[in-house]
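The values are calculated or read from the model by the stated rules, or taken from the named source; none is laboratory data. This is a predicted model, so every value here is computed, not measured. For neighbour counting, all protein chains shown are included, and Cβ atoms are generated from backbone atoms with ideal geometry for every residue, glycine included. With ligands, DNA and RNA removed, areas are computed over all heavy atoms of the protein, side chains included. Shrake-Rupley method; radii C 1.70, N 1.55, O 1.52, S 1.80 Å.
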Amino acid sequence: MPHSFGYRARTRHMFKRGFKEHGPVKLSTFLVNYRVGDIVDIKANAAQQKGMPHKFYHGRTGIVYNVTPSAVGIIVYKVVGNRYIEKRVNIRVEHVRHSKCRQEFLDRVKANHDAHVAAREKGERVNLKRIPALPREARTVSITDNAPQTMRPVPYETTI
């Protein structure tokens, strides 16, 4: 039998609710404030079929460009051929959440600012750049009271 090509085709696992997350949408979802310029993640909520995004946009991150009482307009960039096309989608707030992709960056900016202010008060310079993890230092293993052991596989035996 040929498979279907509907609007929600092949979304059986994609739109599924999480473990112990079934039932109506929580009221706290509607109390979240969205502003123009916010970075948001799109994740469809199967409990609310109205204003649900197309399966392509599920899991995408975009920028809010319009806010209405029950929905937000989001700009998402879509790869079409060899170019990016700016897609503007209007999605209800049940299918949107604030993205945490910039949180580490914002925390680092705040920590760098605090370190810079503290160093300036002391009159010294501080390096605020990120430093990659260096290789571990060399170690010497002593064999006194720690004799080397030869390891070999145990032969396979069938016991019936």
* **Among the candidates Asn90, Asn127, Asn146, residue that is of a type in the set (S, T, N, Q) and part of a strand (DSSP E or B)** => Asn90
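Filter the stretch 70-87 for residues that are part of a strand (DSSP E or B) and either within 25 Å of Val25 (Cα to Cα) or in contact (Cβ under 8 Å) with a residue 60 or more places away in the chain (or both) and give the result. Quick ask: steps written out before the conclusion?
Initially, the stretch 70-87 is screened for residues part of a strand (DSSP E or B), giving 71-80, 83-87.
Ala71, Val72, Gly73, Ile74, Ile75, Val76 - these are the residues of the stretch 70-87 that are part of a strand (DSSP E or B) and either within 25 Å of Val25 (Cα to Cα) or in contact (Cβ under 8 Å) with a residue 60 or more places away in the chain (or both).
For (1) surrounded by fewer than 10 Cβ atoms within 10 Å (Cβ to Cβ); (2) touching a residue at least 60 places away in the same chain (Cβ under 8 Å); (3) among the aliphatic types (A, V, I, L, M), each residue gets a yes or a no:
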site: Leu128; (1), (2), (3): no, no, yes
site: Ile131; (1), (2), (3): yes, no, yes
site: Ile143; (1), (2), (3): yes, no, yes
site: Gln149; (1), (2), (3): yes, no, no
* Structure fact -> Restricted to the stretch 39-69 and to residues being more than 17 Å from the chain's Cα centre (by Cα) and touching a residue at least 40 places away in the same chain (Cβ under 8 Å), the residue nearest to Ala9 (Cα to Cα) is Lys55
* Asked: Which numbered condition trips up Ser28, out of (1) outside any loop (DSSP other than H, G, I, E, B); (2) open to solvent by 50 Å² or more (accessible area, probe 1.4 Å); (3) in contact (Cβ under 8 Å) with a residue 24 or more places away in the chain; (4) not charged (D, E, K, R)?
  -> (3)
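Answer with yes or no whether Lys50 is among the charged types (D, E, K, R), out of contact with any strand residue (DSSP E or B) (no Cβ under 7 Å at 6 or more places or on another chain), within 18 Å of Arg97 (Cα to Cα) and assigned to a loop (DSSP other than H, G, I, E, B).
Details: among the charged types (D, E, K, R): yes; out of contact with any strand residue (DSSP E or B) (no Cβ under 7 Å at 6 or more places or on another chain): no; within 18 Å of Arg97 (Cα to Cα): yes; assigned to a loop (DSSP other than H, G, I, E, B): yes.
The answer is no for Lys50.
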* Restricting attention to the stretch 31-43, report how many residues are open to solvent by 100 Å² or more (accessible area, probe 1.4 Å) and either of a type in the set (A, V, I, L, M) or at pLDDT below 95 (or both). => 2
* Asked: Does the stretch 1-21 contain any residue that is closer than 11 Å to Val96 by Cα and either surrounded by 12 or more Cβ atoms within 10 Å (Cβ to Cβ) or modelled with pLDDT of 95 or more (or both)?
  -> no
